[in-house]
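Written out below as structure tokens is the structure these notes cover.
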Amino acid sequence: MEIEALLGDTARLRAQFQRRIVGQEAVLDEVLVCLLAGGHALLVGVPGLAKTLLVRTLAEALELEFRRVQFTPDLMPGDITGTEVIEEDRTTGRRAARFIRGPVFTQVLLADEINRTPPKTQAALLEAMQEGRVTAGGEDMILPRPFFVLATQNPLEQEGTYPLPEAQLDRFMLDIRLDYPSEEEEVRILRATTGVADAAVEPVLDAERVLTLQRWTREVPVADNVFRYAASLVRATRPGDPAAAEDVRRWVRWGAGPRAGQALILGAKARALLAGRFHATPEDVRRVALPVLRHRVLVNFHAEAEGITPDAIVARLLESVPAPKSGL
């Protein structure tokens, strides 16, 4: 009954989300999958697609602490994690160091345009994402839980940016793409955003219930053939694997690592739980394969010259790698 109640809360969460965001249902599904799986997400889309509003609305509906950092070329690591300052006690005249916590000490962090800041600042954030803590003055400070980072990237205007290295992209569980709205959705956007009323969002879940859902996601059972299917998909992306298809050998420079398989399984578990099922199926793996693999499959020069994208390669793999008939 508790599971049913929490799943009902996720349905109400979608309703609250739709008060402000028109369309983007698939994006919300992927964001929720990433949240329940305990990962972090990369949001990629052109300006004006409500990436910031999406994350802010999610934080309000989850009743979680939210902070936004606009990444710029002059941003320093201490601007993210925090910095030490020297304070003087006016009564004694003694000086002591005090650590002022940065914006990373929150529950939902929007790292806006993460590719516009230098690698050392990107690394500070990614280390905090991976470790769940910040070290300063020899002391480890644990970040709040749940801790969920959504980093945005603008696929346009790449001049003067600092693209995330492939090894750092792997730290993000999902690469979520936002596309232009349909004509009807665009009309609804214009109608909703050019008036005087601002839709209010009511909190549906809180930190404790989000952590409960994350724990239940880990407990969703997975059959052995689903584990093998996920492993087969990941191994099929590697051009050096004996079972790799000719297309992969021709177009892929580097395939996905074991972390991709972990993301496939956790994403499938989260998707099953959101659907009201307490078992993951091969179809759940297939539905999360694109956002899990697209940023982990590195194409070579031949693919770029022929206009072959990672999305196209993942789509071919989903067609060529046989899926088991049942996950039970």
>> Suppose we filter 267, 255 for residues that are crowded, with 16+ Cβ neighbours inside 10 Å, closer than 19 Å to residue 174 by Cβ and out of contact with any Cys (no Cβ under 9 Å at 6 or more places or on another chain); which single one remains?
In response: 255
>> Condition first: outside the structural domain of residue 44 (by TED's automatic domain parsing), farther than 30 Å from residue 210 by Cα and not basic (Lys, Arg). Can you find one or more residues in the stretch 116-128 that meet it?
In response: no
> When the residues of the stretch 18-48 are filtered to those that are outside any helix (DSSP H, G or I), among the hydrophobic types (A, V, I, L, M, F, W, C) and closer than 20 Å to residue 164 by Cβ, which remaining residue is farthest from the chain's Cα centre (by Cα)?
Replying inline: 46
> Looking at (1) in contact with a Lys or Arg (Cβ under 6 Å, 6 or more places away or on another chain); (2) touching a residue at least 60 places away in the same chain (Cβ under 8 Å); (3) not polar (S, T, N, Q), which is the one condition that is false for residue 55?
Replying inline: (1)
> Which of (1) in a helix (DSSP H, G or I); (2) in contact (Cβ under 8 Å) with a residue 24 or more places away in the chain; (3) not β-branched (Val, Ile, Thr) is the odd one out, the single condition residue 127 does not satisfy?
Replying inline: (2)
> Here are 5, 50, 11: which of them is surrounded by 13 or more Cβ atoms within 10 Å (Cβ to Cβ) and not β-branched (Val, Ile, Thr)?
Replying inline: 50
> Between a first residue in the stretch 278-289 that is free of Cβ contacts under 8 Å to residues at least 24 places away in the same chain and a second residue that is in a helix (DSSP H, G or I) and not hydroxyl-bearing (Ser, Thr, Tyr), which pairs have beta carbons less than 7 Å apart while being 6 or more apart in sequence or on different chains?
Replying inline: 287/271
> Limited to the stretch 239-255, what total is found for residues that are farther than 18 Å from residue 323 by Cα and free of Cβ contacts under 8 Å to residues at least 60 places away in the same chain?
Replying inline: 9
> If you scan the stretch 69-92, which residues turn out to be in contact with a Pro (Cβ under 8 Å, 6 or more places away or on another chain) and assigned to a strand (DSSP E or B)?
Replying inline: 69
>> Residue under question is residue 110, and the condition is that it be surrounded by 14 or more Cβ atoms within 10 Å (Cβ to Cβ), of a type in the set (A, V, I, L, M, F, W, C), under 30 Å from residue 7 (Cβ atoms) and at pLDDT 85 or above; does it hold?
In response: yes
> Within the set of pairs 6 or more residues apart or between chains, which connect a residue that is on the phi > 0 side of the Ramachandran plot and basic (Lys, Arg) inside the stretch 290-314 to a residue that is surrounded by fewer than 16 Cβ atoms within 10 Å (Cβ to Cβ) and at pLDDT 90 or above with Cβ atoms less than 7 Å apart?
Replying inline: none
> Before we move on, is residue 250 assigned to a helix (DSSP H, G or I) and in contact with a His (Cβ under 9 Å, 6 or more places away or on another chain)?
Replying inline: yes
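The values are calculated or read from the model by the stated rules, or taken from the named source; none is laboratory data. Worth saying up front: this structure is predicted, and the values here are computed from it rather than measured. Cβ sites come from the backbone with ideal geometry, for glycine too, and all protein chains shown count toward neighbours.
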